[in-house]
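Scroll down for the structure; my scribbles are underneath it.
The values are calculated or read from the model by the stated rules, or taken from the named source; none is laboratory data. These numbers were taken from a predicted model, which means no experiment stands behind them. Using ideal geometry, Cβ is built from the backbone for each residue, glycine included, and neighbour counts are taken over all protein chains shown. These area figures cover heavy atoms from the full protein model, side chains too; ligands, DNA and RNA do not enter into them. Shrake-Rupley method; radii C 1.70, N 1.55, O 1.52, S 1.80 Å.
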Amino acid sequence: MKNGPILVVAMLLGAGLGLAPNSSVAQDSKAQREPRSRQNLVREVRHQLVLLPYYSVFDNLSFRVDGDTVVLEGQVVRPTLKSDSENVVKNIEGVGKVVNNIEVLPTSPMDDQVRRAVYRAVYGETGLSRYSLSAVPSIHIIVKNGNVTLVGVVDSEGDKNLANIRANGVPNVFGVKNELVVTPSK
């Protein structure tokens, strides 16, 4: 409502100048609504992906929105999670097209063993155990051919480094890529 009086004055001034209703003033009003609808679309896509039944700490789903196109990215352990992700997103109002670039990680008993060991090492650490309390923990452990990638959000640089140290200490891990993001303090 804050912009209401200004918009009315601008429309009255525009009418006096002979501007059509589709002038830049009307387009400005439309541009103000678009970010809100885009934010709603982003929020709904995120919500639907997090609610997927087999989405776990060993999967990483991300996306970007380009107009009415949603591009899905990340890595998943189960092939069904890739198709389920696409199916739930394409049913969201406002989505015209879904590009599914999600990688299905190769099946490997050794990678499964490394996943479990890294999970225990990271979430078994007293300083990091609080990150496991949500339905989908905030530190995701992606393992591909013995290489570990840590993805997600932590509260401090110390937590990020601690997770990296713990993952590096797991036997049969060839390397650790730490992509954890530290949330800005308020």
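Remarks
- Across region 81-87, computed HN-Hα scalar couplings (Karplus, 6.51 cos²θ - 1.76 cosθ + 1.60, θ = phi - 60°) run 5, 5, 6, 4, 4, 4, 5 Hz from first to last residue, x flagging Gly and Pro.
- Values of log10 I(q)/I(0) for region 48-126 across q = 0.12, 0.16 Å⁻¹ run -0.40, -0.64, by the Debye formula with one identical scatterer at each alpha carbon and no solvent.
- The residues of region 120-186 have, on average, 54 Å² of accessible surface per residue, using a 1.4 Å probe with all protein chains present.
- One decimal place: the segment Glu125-Val182 gains 18.7 nm when fully extended, by the rule 0.36 nm per residue minus the C-alpha distance.
- The slack between Asn101 and Ile165, meaning 0.36 nm per residue of separation minus the straight C-alpha distance, is 20.0 nm.
- Size descriptor, Kirkwood hydrodynamic radius, that averages inverse alpha-carbon separations across region 126-168, Å: 10.9 Å
- Theoretical gain in end-to-end length, Ser132 to Leu51 [0.36 nm per residue, Cα-Cα removed]: 27.5 nm
- Note on Lys144: aspartates and glutamates with a C-alpha under 16 Å away, same-chain residues under 8 apart excluded, are Asp59, Glu73, Glu103, Asp111, Asp112, Glu179.
- The Cβ shell under 12 Å around Pro109 holds other residues with a net charge of 0, Lys and Arg each +1, Asp and Glu each -1.
- Of the accessible area of region 67-169, computed with a 1.4 Å probe over protein heavy atoms only, carbon and sulfur atoms account for 49 percent.
- Area of Phe58 that stays accessible when all protein chains are in place (1.4 Å probe, Å², to 10): 50 Å²
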